[in-house]
Amino acid sequence: MSGLLRVLVVSVGLVVPTGPPVVAPTCYPPPVDAPVAVPYRAPACRYCAGHRGIDYATAPGAPVRAMEAGTVSFAGDVAGTTYLVVEQSDGRRATYGRLARLTASTGDQVRAGDRVGVAVGQVYVGLRVGDEYIDPTPLIGRWRRAARLVPLDGGNRPPARPARLECPMQPGTR
């Protein structure tokens, strides 16, 4: 094998990525049915203050659901606060925090929409690519329900249409 060909083969081998690929989702379903109370605030530097996720204004006892399928890589307490981390099938890591109770354990496989815990009150949700936190807000959608007309004559109501998930990052959504 010539020297130039050998260098080319080695160079190509160095750029091959390892680990699962990160694929942008169409839209994650919201993990809770509540408004955002504290938005994401990127820190000025790696160790600077910021808010590396979003907090939802949930009621105590509200179910917390996985946004994407994956494997639970951590489930437990950190400094007196209960967290659960899911290594998602799209290569991202989702952290759910301030949980009163966990309904999944380390090593469990979860599907999008599976209940992973129960809220203490306000719930934290963070998203990482590798070790870098990213703003989850543009990736988390909200459910839109169509208006439903009620007959004035007391007749039967037509069946409700299913809710539709809309994501801020999708063109044409509000």
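Here are the numbers for the structure shown:
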item: Answer residue from the range 89-108, given it is without any contact (Cβ under 8 Å) to a residue 60 or more places away in the chain and of a type in the set (Lys, Arg) and is farthest from Gly130 (Cα to Cα) among those; result: Arg101
item: Residues located in the range 87-101, provided they are assigned to a strand (DSSP E or B) and at positive phi; result: Arg98
item: Residues of the range 132-148 satisfying the condition of being part of a loop (DSSP other than H, G, I, E, B), modelled with pLDDT of 90 or more and among the charged types (D, E, K, R); result: Asp135
item: Neighbours by Cβ (under 6 Å, 6+ apart or cross-chain): first from the range 63-88, without any contact (Cβ under 8 Å) to a residue 24 or more places away in the chain and open to solvent by less than 30 Å² (accessible area, probe 1.4 Å); second of a type in the set (S, T, N, Q) and outside any loop (DSSP other than H, G, I, E, B); result: Val85/Ser73; Val85/Thr95
item: Pick from the range 113-132, criterion more than 15 Å from Ala34 (Cα to Cα) and open to solvent by 60 Å² or more (accessible area, probe 1.4 Å), ranking: nearest to the chain's Cα centre (by Cα); result: Arg115
item: Leading residue by the ranking (farthest from the chain's Cα centre (by Cα)) among those in the range 133-162 that are surrounded by 12 or more Cβ atoms within 10 Å (Cβ to Cβ) and farther than 15 Å from Gly53 by Cβ; result: Trp143
item: Selection count, the range 54-70, where residues are of a type outside the set (D, E, K, R), under 12 Å from Tyr124 (Cα atoms) and out of contact with any Ser or Thr (no Cβ under 7 Å at 6 or more places or on another chain); result: 4
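The values are calculated or read from the model by the stated rules, or taken from the named source; none is laboratory data. None of these values were measured; they are calculated from a predicted model. Don't worry about glycine lacking a Cβ; one is built from the backbone with ideal geometry, like all the others, and counts go over all protein chains shown. Note: accessible area is taken over every heavy atom of the protein model, side chains too, but ligands, DNA and RNA are not part of it. Shrake-Rupley method; radii C 1.70, N 1.55, O 1.52, S 1.80 Å.
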